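Each remark here refers to the structure printed beneath this line.
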There are 2 protein chains.
Amino acid sequence: MIRVTLITIGDELLKGRIVNTNTTQIGSLLRRHGYSLQRNLTISDNREAIGQTVTEALESSDIVLTCGGLGPTRDDITKHTLAELFHSQLVWHAPTLAFLEARLAARGRVLNDLTRRQALVPDVCEVVPNPNGTAPGMMFRRGQSLLFCMPGVPFEMIHMLEDGVLPRMKAAFSPGYFDHRIVRMTDIPESDAAMRMETFENEKHPALAVSYLPRLDGLWIEVSVRMEEGQRAEAEQILNDAWMQVRGLFADKIYAIDERSLPDAIGEALRSRGLTLAVAESLTGGKIAASIVSVSGASDYFKGSVTAYAVSVKTSVLHVPQEVIDSQGVVSEAVARAMAEQVRILLGADLGLATTGLAEKDGDVFPRAWIAVADAAGSEARLLNLHYDRPSNIEYVSNYALRMGLERLAGTSSPVI
Amino acid sequence: MIRVTLITIGDELLKGRIVNTNTTQIGSLLRRHGYSLQRNLTISDNREAIGQTVTEALESSDIVLTCGGLGPTRDDITKHTLAELFHSQLVWHAPTLAFLEARLAARGRVLNDLTRRQALVPDVCEVVPNPNGTAPGMMFRRGQSLLFCMPGVPFEMIHMLEDGVLPRMKAAFSPGYFDHRIVRMTDIPESDAAMRMETFENEKHPALAVSYLPRLDGLWIEVSVRMEEGQRAEAEQILNDAWMQVRGLFADKIYAIDERSLPDAIGEALRSRGLTLAVAESLTGGKIAASIVSVSGASDYFKGSVTAYAVSVKTSVLHVPQEVIDSQGVVSEAVARAMAEQVRILLGADLGLATTGLAEKDGDVFPRAWIAVADAAGSEARLLNLHYDRPSNIEYVSNYALRMGLERLAGTSSPVI
């Protein structure tokens, strides 16, 4: 197994000012290419911490990736520390300097001194181009090990990793054969799923690994195989057999497989049927619509949404009858169903989804939500009691609404695939 | 300085299946209580990795926190590894068992064997209660150092940290005096900001630290002070003086201070003026509304939104004239302004915000957005060219729209505070 260590550098990560999505992106991309991230060390913008952590990581890893600390300000000191570590001088890298000048000129800005110094790199490194930003990437060698330094800005980093770093990693260390499959399911506690899996786990091939991931969009189970590159055919067979067994064990619970998210899954279900969707949101406040639009090409099937946060918007825009609100309450089955029915008519869509509820405790009233789905044949609704905090409740209800839409599209309350 | 190490445990973090928001939450909460997280080590659910990492961390830290690996499934092996490490036996913890039975009964479920075993804990640890889940927290002592083990489920962890872990940390290690201030600003590159700060940085008190954080909602600059507890009065004075200087340097750029986010800031601006808001979204698809609703109490000032993703919804619901779309194009100043004007009328709000644009490249057309704001006095719009990927462009435009709303509320294009 190739040992890969990721070092993420930045006080802002440890201070809780920024979420470390880079580790997620890097872990996922490495995995798709057959590498496994063994550990991720997050340290501060501190010369001693950077020097010591990089040195130790190079001793115990084949590949070390660093991310962050390459910005132009004083607290970004990675480059100077690495130059010292490799007994190297900073020199001007002419192609980077030319790139920076052209980039700034295209935006009508002048290259200030701080930005110009981004073109200074240690003379022993190989520059890995950064077409999306000002900080160039760097590759260093120590013994058999490789060190890659990438910027911390997520979209700069991910493109550099894919186009500049991974090809150099593969040239030095072939990752062997690895593949994985995921089933995504709802409505089953992790411990119940593990008990269903008991016989499978006890009898599974030693090249297989299973992991459980409880999430707000349901439980994921991943089955993976890792073997030598020469054993590819055997590995594929082993994974495929395992995969059929796991799918069989959860046939009643699965809503999607592999990399498809819930918004992907509902998008595909709508597109394949030539249908369109509209959403009416109260407590979810736009979250369902935003998640649908996160998928490229959503305009093929998504008409739009109404966030009816104020009661007045429920009556004036969505035409929910005032007497229904007065008699049933605004958090009620009748209001949820009326919202779903009305929004599909108002926006001219085939399927309507709606939510109404309380995202957090209000006095003595516990958080809960009514979720409805409507199509030309009618509507249905379900009540969910909510046990999380405000943002998690909103996310949970949004996911649940998408799942109800998927079930309705499948014409049944049982599995959609 | 008290040395705090956080170990986050979970294959899913390294595989990129889940974003590590726990480190963000923990880093931020520790900081508010005067502690600094020195490093965060993310490792896999592997007995050897857990044992070795915890042992090394205890040698070089005053406080070690672990997070994750306490679930009931086979891949969660933290508890067994810690029992071995502390030469300890797993014993039944009666209060936890009673809690689990009551919890499951309240939800109409039976306690299965896997969940029951959550009440087994190493006999040398002190149990830290987990009122929100099944895995109890644990505190261990080694020499002068403390080890706290918390579950990985975010809302279980954060409540345990606040109510169970922090009081025990403070009893053992007082954090000294620490405080910080943040200015949040838009429209200034990090390098330009650093150049404005040059004199301040060269002359600042040695107890002060400055950091820069470029984000999609603008640039943040944090100024912090750390001194002994007995020097509180002096430290407060030093921070206050520094803070006034930094605010003065960026008076033309600041939109919010300290922990206030953009949705917080616009909420406060609306509430203090007794005004209400409505939003019409095209490319942002619900993101602006969802971010407004993320703030507790948003119903005081937020009427709702229309996501007019399909052109037909722009004309039918928002009454944007078809001839304007035909003559100007759907991504145009006229359409953005019409959307902002119409949505405030339709939803009965004082202020309207609107977006229309392309979140990613479409053939030869580069991503761009028109953003508009409208009130009773009229409307205005701005064109943004977008340089990021699809999700980042959506976030950037959403943030920009909120910023335009803030400026309009301030009655000027200059600073709002």
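The values are calculated or read from the model by the stated rules, or taken from the named source; none is laboratory data. The shown structure was predicted, so the numbers you read here are calculated from the model rather than taken from an experiment. As a convention, Cβ positions derive from the backbone with ideal geometry for all residues, glycine included, and neighbour counts pool all protein chains shown.
Taken together, the residues in segment A:112-152 that are free of Cβ contacts under 8 Å to residues at least 40 places away in the same chain and either in contact with a Ser or Thr (Cβ under 7 Å, 6 or more places away or on another chain) or within 12 Å of another protein chain (Cβ to nearest Cβ) (or both) amount to 10.
I want to confirm something. Restricting to segment B:29-50 and keeping residues that are surrounded by 17 or more Cβ atoms within 10 Å (Cβ to Cβ) and farther than 29 Å from B:His87 by Cα, which single residue is nearest to the other protein chains (Cβ to nearest Cβ)?
Going through the qualifying residues, I end up with B:Arg31.
Across segment A:27-79, the qualifying residues are those that are hydroxyl-bearing (Ser, Thr, Tyr) and not in a helix (DSSP H, G or I), and the one among them that is nearest to B:Met197 (Cα to Cα) is A:Thr73.
Within segment A:284-297, residues that are without any contact (Cβ under 8 Å) to a residue 40 or more places away in the chain and facing chain B (nearest Cβ under 7 Å) sit with their Cβ atoms under 9 Å from residues that are surrounded by fewer than 24 Cβ atoms within 10 Å (Cβ to Cβ) and acidic (Asp, Glu), at 6+ positions apart or across chains, in these pairs: A:Ser296/B:Glu360. Sub-9 Å Cβ pairs linking a first residue in segment A:308-320 that is at the interface with another protein chain (Cβ under 7 Å from one of its Cβ atoms) to a second residue that is basic (Lys, Arg) and buried (at least 24 other Cβ atoms within 10 Å of the Cβ), at least 6 apart or interchain, are A:Ala308/A:Lys314; A:Ala308/B:Lys303; A:Tyr309/B:Lys303; A:Ala310/B:Lys303; A:Ser312/B:Lys303; A:Val313/B:Lys303, ordered by first then second residue. If the condition is being under 16 Å from A:Gly248 (Cβ atoms) and of a type in the set (Gly, Ala, Ser), then segment A:190-219 contributes only A:Ala193. Of everything in segment A:246-284 that is hydrophobic (A, V, I, L, M, F, W, C) and in a loop (DSSP other than H, G, I, E, B), the residue that is farthest from the chain's Cα centre (by Cα) is A:Leu275. At pLDDT 95 or above and surrounded by fewer than 17 Cβ atoms within 10 Å (Cβ to Cβ): does that describe B:Pro131? Criteria not met by B:Pro131.
Among the residues of segment B:153-164, is any over 26 Å from the mean Cα position of the chain (by Cα) and under 30 Å from B:Gly230 (Cβ atoms)? No, that holds for no residue. Counting only strands (runs of 3 or more DSSP E) that fall entirely inside segment B:148-234 and contain at least 1 residues that are under 28 Å from B:Lys287 (Cα atoms) and hydroxyl-bearing (Ser, Thr, Tyr), the qualifying elements are B:208-215.
In segment B:378-391, the residues that are facing chain A (nearest Cβ under 7 Å) form Cβ pairs under 7 Å with partners that are among the aromatic types (Phe, Trp, Tyr), at six or more places apart or across chains, as follows: B:Tyr388/A:Phe155; B:Tyr388/B:Tyr396; B:Asp389/A:Phe155. Filtering A:Glu259, A:Glu234 for residues that are more than 14 Å from chain B (Cβ to nearest Cβ) and among the acidic types (Asp, Glu) leaves a single hit, A:Glu234.
Of all the criteria given as (1) more than 19 Å from B:Asn40 (Cα to Cα); (2) touching a helix residue (DSSP H, G or I) at 6+ places or on another chain (Cβ under 6 Å); (3) modelled with pLDDT of 95 or more, the one not satisfied by B:Ala94 is (2). Look at B:Ala338 and say whether it is away from chain A (no Cβ under 11 Å), surrounded by 21 or more Cβ atoms within 10 Å (Cβ to Cβ) and among the hydrophobic types (A, V, I, L, M, F, W, C). When the stated conditions are applied, B:Ala338 passes them. Could you tell me whether any residue of segment B:345-352 is without any contact (Cβ under 8 Å) to a residue 40 or more places away in the chain and either more than 29 Å from B:Gly267 (Cβ to Cβ) or of a type outside the set (Asp, Glu) (or both)? Yes: segment B:345-352 contains one or more residues that are without any contact (Cβ under 8 Å) to a residue 40 or more places away in the chain and either more than 29 Å from B:Gly267 (Cβ to Cβ) or of a type outside the set (Asp, Glu) (or both). Filter segment B:205-228 for residues that are within 12 Å of another protein chain (Cβ to nearest Cβ), surrounded by fewer than 18 Cβ atoms within 10 Å (Cβ to Cβ) and either in contact (Cβ under 8 Å) with a residue 60 or more places away in the chain or acidic (Asp, Glu) (or both) and give the result. Selection gives B:Leu216 alone. The helices (runs of 4 or more DSSP H) found wholly in segment A:285-347 and carrying at least 2 residues that are among the small types (Gly, Ala, Ser) and out of contact with any helix residue (DSSP H, G or I) (no Cβ under 7 Å at 6 or more places or on another chain) occupy A:311-316, A:333-347.
Whether a residue is in contact with a Lys or Arg (Cβ under 9 Å, 6 or more places away or on another chain) and at the interface with chain B (Cβ under 9 Å from one of its Cβ atoms) was assessed, and A:Ala280 does not pass this test. Of everything in segment A:167-204 that is over 23 Å from B:Gln118 (Cα atoms) and of a type in the set (Ser, Thr, Tyr), the residue that is farthest from the other protein chains (Cβ to nearest Cβ) is A:Ser174. If you check B:Thr81, B:Thr66, B:Thr53, B:Thr21 for being farther than 29 Å from A:Phe200 by Cα and more than 10 Å from chain A (Cβ to nearest Cβ), only one passes: B:Thr66.
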